[in-house]
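Take a look at the structure below.
Read the figures in this text as sums done on the coordinates, not as results from a lab. None of these values were measured; they are calculated from a predicted model. Cβ sites come from the backbone with ideal geometry, for glycine too, and all protein chains shown count toward neighbours.
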Amino acid sequence: MSAPSASTARQLDPASVEGWLRRLARAPEAPWLHAEVARRMADRLQFIRVQPAAVLDWWAFGGASTELLLKAYPQARHLAVEPTEALRARSRQAMAAPWWSPRRWRGVPVVHVTPQEVAPASVQLVWANMMLHAVVDPSELMAQWQQLLVVDGFVMFSCLGPGSLRTLHDLYARLGWGPPLADFVDMHDLGDMLVQAGFADPVMDQEVLSLSWDSPEALLSELRSLGANASPQRVAGWRTPRWRERLHAALKSLARPDGRIYLDFEIAYGHAFKAAPRAPLAAETRVSVDDMRAMVRSRTSRG
């Protein structure tokens, strides 16, 4: 992977991200929040007319979207990409249908591939649920997705936005600690990245989901399943039992009258289509036959 550009690269600690991916590979299932966001994103598929012949699920196990995509597109070829070998094995295990499962008889296998094994311009849908916030350079990944899509294919993704866990940010700042997590990319910046990557008609949206827990222990356990503190500005070193006691006490102070602790998560949604190639403006313009056919198909199907 090439070095991220100065304008789009995020500061993430790779070791922290890798540690979370290892924990995810050992998890019995994807995080609840990921599955809920997948359901909400899948509801939006009904408004898109394109019927994909091939679907590429990016970071499939953590995205918790396999059954939703199989149900939405039972006739499509389904491909899955995972970020690590351990997650690829975990994903295969999770997708193995038991003998009594209806999916076993539908004949819709999910094929695990590496990004390099996906041919350019070979899929109609790239689906990426709740993973983009764990990527150093989202724009570079979007450019890769654009290459894999056919003309008029589309990408759909969701990720955490900068409004997530602001209460936790404020708490850490008040106690003089480093940030509790890395910064997230604003949805408008994500939309700009889509355009720069060659996508057309980007649509960005966001909503805020409020989760609650009955104890600091339950809250921290779920946050750990959702990711890791990958901020390079976080406090280095091991946390002591005394520090954990202070954290638990501070979290308890956030409880509302019902005794529960609430935190907000901003979820950003995006989708965009791969634009047809445009002929460069010049005194003399030459367009290949393949590009001309792509432009004609695009105008016919979208117009």
Debye log10 I(q)/I(0) at q = 0.14, 0.18 Å⁻¹ for segment 46-187, Cα point scatterers
-0.73, -1.05
Compute the Cα gyration tensor for segment 194-241, then decide on rounded, prolate or oblate, letting a ≥ b ≥ c be the square roots of its eigenvalues: rounded whenever a/c is under 1.5, prolate when a/b is larger than b/c in the other cases, and oblate in all that remain.
oblate
Packing-based exposure ordering (other Cβ within 10 Å, fewest first) of Asp205, Asp189:
Asp205, Asp189
For a bin width of 10 Å, list the pair-distance distribution of segment 139-278 built from all Cα-Cα distances, rounded to whole %.
10, 34, 26, 18, 10, 2, 0
Give the average over all directions of the projected area of the C-alpha convex hull of segment 1-91, one decimal, in nm².
7.8
One finds the C-alpha centres of segment 155-192 and segment 114-130 to be spaced, in Å, by 27
Residue exposure sequence - Trp243, Trp58 - by fewest surrounding Cβ within 10 Å:
Trp243, Trp58
Can you give the local net charge around Arg246? Use residues other than it whose beta-carbon is closer than 15 angstrom to its beta-carbon, Lys and Arg +1, Asp and Glu -1.
+3
Proportion of all alpha-carbon pairs of segment 117-218 beyond 15 Å (%)
69
